[in-house]
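Participant: Questions regarding the structure given below will be posed in turn.
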Amino acid sequence: MKHSALLIAFILSPFAGIHHVQADEQDEHPILLLNEDSTFHFEILGGLGQALTGGGDISPILGAAKNVTPGDFDKFTDIFYRLANETKAAALDPANAYDPINVRDTWFSAASYFRRADSFTHGDWDDPLINQLWEEMLSAFDKGINALPIPGQRVKIPAGNFTVEAIWYSAYSGGKHKKCPTLILGGGYDGAQEDMYHTIVTNALVRGWNALTYEGPGQPTVRRNQNLGFIPHWERVLTPTVDWLLANKRAEVDTKRLALYGHSMGGYLAARAGAFEPRVKAILLNGGIFDVHESYLDQSPAVLTDLYKAGQKDAFDETALSLLSNPNVSSQIRWGIEHGMWAFKTKSPYDFFHQTEQYTLKDVISRIKVPVWIADAELEGFFRGQPQKVKEALGEKATLHPFTGTAGYHCQAGALQELNRAIFAWLHKTLG
Ligand SMILES: *[C@@H]1O[C@H](CO)[C@@H](O)[C@H](O)[C@H]1NC(C)=O
Ligand SMILES: *[C@@H]1O[C@H](CO)[C@@H](O)[C@H](O)[C@H]1NC(C)=O
Ligand SMILES: *[C@@H]1O[C@H](CO)[C@@H](O)[C@H](O)[C@H]1NC(C)=O
């Protein structure tokens, strides 16, 4: 869900053909559509958004987009895989590699294209592509961060029976004041911490903020390397991460200005874990999510919602699995079910939905004592209505920030300047 979102009207008609976008639906998009398939439109838009900070180039992405066929996941993968391979070849060319700027830009772009290629590969757990693309991606991205003026540092943080995968980016460039404000940044259901580099980290560094991105169970690297699906008690991921930060980077961290950010479903995870973490002085949720399960049910076709509520596990599974092979079902629904089973590590769609019942703030939100910023995107397709619920529960402590019009998509896909302006203006006002 990192970039992809759908207009609510589209979600409410999940059996509508994706192959011909209705004129009225097209009118509801505030920007030029990049594909008739809304899910592909958002994935491509997300890729373009990263080009702003060196994670891609506009025409190659639009060139790939031109060849994408609505609803065809394999073709989407193949087209971006090819672009990633070509970009990797340019990065390897010794005629380019003499220059750290070339190295950085070209490898970061290749890494972004490998991530786009991976987006729709989670239906078949045995498909070696799931790991092949990721290994290529990690290797490309690491060449990028190693060529930064202050190289990014990958760290593995022990967290009981798993390991948090994190990347530390230092803003300190040799001046008198070594301690800098610091953001801890976490993704959600599908976004990778390497996406977060382009979404927020580059913006943080140029404003003098350090950044630490992290991934826990269910998230890309931990899901692959440690074979672990999502866990509800996200403080088990965040607390060891903050421990590591303060034990290893204390000299560089201004602890009075330590903030936590959650992206997409990470908006839920950050609120949940932030409730248990007094060392964090401000929390940013993009967006606010009070109840993950409720919003998953809201996005599902009515037939599934009814079967779930009636507790008909077998019928639910049978229907959900039949949707996966029905070409008339929107890519969003297919992707959501396939990726959900992979990320939560369940072989049944019902079990995936059932697990999400544990992801609610109702029993923990009163523990949050610090200021909270909540993004509220006008065209939110995944977590509609949820930011208001978080705001209501937090009262005066929370600020709801509306994003509308061309910045109104889920997580402000394609409008990352506006997102970062809003984030850093609020942090400036709140923490100084
Ligand atoms: C990309 O390159 C790899 C080898 O590095 C190759 O196996 C794969 O088929 C290529 N994919 C495409 C779509 O060109
Ligand atoms: C990991 O530890 C937690 C808490 O200590 C426990 O609840 C969980 O079952 C453990 N998971 C595994 C896979 O051992
Ligand atoms: C898909 O939609 C077409 C046109 O409405 C219909 O003829 C076809 O039976 C549908 N296919 C499935 C598998 O539902």
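All of the numbers you see were taken from the coordinates with simple rules; none came from a lab. Because the structure is a prediction, the values reported are computed rather than measured. Positions of Cβ are backbone-derived with ideal geometry, glycine not excepted, and every protein chain shown enters the neighbour counts.
Participant: Set the bar at 24 Å for Cα to Cα. Now go through Lys345/Lys397; Lys179/Lys429; Lys143/Lys176 and name every pair that lies beyond it.
Facilitator: Checking Cα-Cα distances, Lys345/Lys397; Lys143/Lys176 exceed 24 Å.
Participant: Could you work out how much longer the chain between Ala89 and Lys178 gets when fully extended? Use 0.36 nm per residue separation minus the Cα distance between them, nm to one decimal.
Facilitator: Length difference between fully extended and current span is 28.2 nm.
Participant: DSSP beta bridges in the chain, what fraction antiparallel, as a percent rounded to 5?
Facilitator: Values: 12 of 37 bridges.
If we restrict to bridges inside the chain, about 30 percent are antiparallel.
Participant: For segment 79-113 and segment 286-313, what is the separation of their Cα centres, given in Å?
Facilitator: What the calculation gives is 41 Å, centre to centre.
Participant: Now, a different point. Counting other C-beta atoms within 10 Å, and keeping those with at most 10, which DSSP coil trypsin sites (Lys or Arg not before Pro) do you find in segment 138-208?
Facilitator: Qualifying residues, ordered by number: Lys176.
Participant: From the square roots a ≥ b ≥ c of the eigenvalues of the alpha-carbon gyration tensor of segment 358-409, which class results: rounded (a/c under 1.5), prolate (a/b over b/c), or oblate?
Facilitator: oblate
Participant: Given 0.36 nm per residue, what is the gain on full extension from Arg82 to Glu396 after removing their alpha carbon distance, in nm?
Facilitator: Stretched fully, the Arg82-Glu396 segment lengthens by 108.0 nm.
Participant: Can you tell me the length gained on complete extension of the stretch Leu129 to Glu28, counting 0.36 nm per residue apart and subtracting the Cα distance?
Facilitator: 32.8 nm
Participant: Out of segment 257-358, which trypsin sites (Lys or Arg not before Pro) are coil in DSSP terms and have no more than 10 other C-beta atoms within 10 Å?
Facilitator: Filter output for segment 257-358: Lys347.
Participant: Obtain the radius of gyration and the Kirkwood radius of the chain from its C-alpha atoms and give Rg over Rh.
Facilitator: Result for the chain is an Rg/Rh of 0.94.
Participant: Working only with C-alpha atoms, what are the Rg and Dmax values of segment 31-147, expressed in angstrom?
Facilitator: 13.9, 41
Participant: Between Thr255 and Asn227, take the C-beta separation as r, use R0 = 51 Å, and let me know the FRET efficiency to the nearest 0.05.
Facilitator: So, using R0 = 51 Å, E works out to roughly 0.90.
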